[in-house]
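Enquirer: Here it is: the structure, laid out below.
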Amino acid sequence: MSSAERRVVIITQARMTSTRLPGKVAIEVLGKSLLEHHLERLQRSRLMSQVVVATTTNSSDDIIINICKGLGVAVYRGSEDDVLARYFHAATKFAADIVVRVTSDCPLIDPAVIDKIIARYLSLEPNIDYVSNCRLKQTYPRGLDTEVFGFSGLKTAHEQAREPFEREHVTPHLWQHPKQFMLSNVEHDVDISRHRWTVDTPEDMDLIERILRACYPSNPEFGLQDCINVLRENPAWENINKHIEQKKIQ
C-alpha cells in the first residue's frame, strides 16, 4: 500500500519549558530558530501527508505558534504533561492513518531517514504496529530518532497506558508489549549511535551550531552523510557533548 492511499502525519512535539535548556527550540542559528530548521527538514519528507506541531496550552508556547504560522505548519495545543493524549488528539484532529513521531530538539533530522522508516512500515502493513530506528536497537545518531505507528495503536496506547512515563513519552506502551503489538526496527549499515545530534544542553547546542554553520550555507538540504563528513574533518567536535547522558525514560 502506498503512502498516497494513507494519511501519514508527522507529529513533532515542542515546548519552551524544557528542563536542561529552556527555550531551546527558539534559539537562532544562521537567522533561523532551531524549530524552523527542524520543520524545514520535516517538510522535505516525500512520504508524509502533513507536518503538525503538537505543543502545549501554556502562554510561553505562543512563540511556537508564531513560528509555525510563519512556515504554514499546522499546530495542535494540548496537555504539557500528558504528551500521549496530546499526540492522540493531534492525530485525531488531522485525520492521521499513520503517525510519525519525532521531537523538535532534533534540528539535524534527516527526511531520507524518516522516509526509510515510513517505507518499512508501509511495506509491512497490515502486519505491523510500530517501526522505529531508536527504541528496539539504536544504530543511528541520537537526533535522528523516528517512530512510526498506526492510529489504532496510538488509540490503544492512549486508552490503556497508565504509568506517568508512558503518558510522557508517548510510545513505551507500544514497544514494551511485543506480545500485543507487532514491532520492527530499522538499522543503519554501520553502528554510528555514538553521535549525539539532539539538543538538550548547552554542549549539545554548541555542536549543533557548528554542524549547521558548516553544512547549511552551501547545502540547505544536507543529510546524515554530510554531517558525518564534517565530523570526520573536525574530529575534536565529537568530544564537545560526548559526556552528555540521554535522559532515561523510566
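The values are calculated or read from the model by the stated rules, or taken from the named source; none is laboratory data. These numbers were taken from a predicted model, which means no experiment stands behind them. Backbone-built Cβ (ideal geometry, glycine too); neighbour counts: all protein chains shown.
Enquirer: Would you check if ARG77 is surrounded by fewer than 17 Cβ atoms within 10 Å (Cβ to Cβ) and either among the basic types (Lys, Arg) or closer than 29 Å to GLN225 by Cβ (or both)? Break it down into steps so the answer makes sense when it comes.
Expert: Working: surrounded by fewer than 17 Cβ atoms within 10 Å (Cβ to Cβ): no; either among the basic types (Lys, Arg) or closer than 29 Å to GLN225 by Cβ (or both): yes.
In short, no.
Enquirer: Can you tell me which condition SER79 does not meet? The list is (1) among the hydroxyl-bearing types (Ser, Thr, Tyr); (2) free of Cβ contacts under 8 Å to residues at least 40 places away in the same chain; (3) under 26 Å from ARG120 (Cβ atoms), and all the others hold.
Expert: (3)
Enquirer: Suppose the filter is touching a Leu at 6+ places or on another chain (Cβ under 7 Å) and small (Gly, Ala, Ser); does SER79 pass it?
Expert: On the way: touching a Leu at 6+ places or on another chain (Cβ under 7 Å): no; small (Gly, Ala, Ser): yes.
So SER79 fails the test.
Enquirer: List, please: which pairs have Cβ atoms under 8 Å, are six or more places apart or on different chains, and start with a residue in the range 209-222 that is at pLDDT below 95 and end with one that is surrounded by fewer than 12 Cβ atoms within 10 Å (Cβ to Cβ)?
Expert: The qualifying pairs do not exist here.
Enquirer: While we're here: Let me confirm something: among GLU36, GLU5, which residue is at pLDDT below 95 and acidic (Asp, Glu)?
Expert: Values: GLU36 fails: at pLDDT below 95.
Just a single option satisfies the conditions, and that option is GLU5.
Enquirer: Next question. Quick check on this structure: which one of ARG77, ARG15, ARG44 is among the charged types (D, E, K, R) and in a strand (DSSP E or B)? It would help to see each step written out before you state the result.
Expert: Working: ARG15 fails: in a strand (DSSP E or B); ARG44 fails: in a strand (DSSP E or B).
Only one candidate passes the filter, namely ARG77.
Enquirer: Still on this model: Is it the case, given these coordinates, that VAL52 is touching a helix residue (DSSP H, G or I) at 6+ places or on another chain (Cβ under 9 Å), part of a helix (DSSP H, G or I) and either buried (at least 19 other Cβ atoms within 10 Å of the Cβ) or at pLDDT 95 or above (or both)?
Expert: Working: touching a helix residue (DSSP H, G or I) at 6+ places or on another chain (Cβ under 9 Å): yes; part of a helix (DSSP H, G or I): no; either buried (at least 19 other Cβ atoms within 10 Å of the Cβ) or at pLDDT 95 or above (or both): yes.
The answer is no for VAL52.
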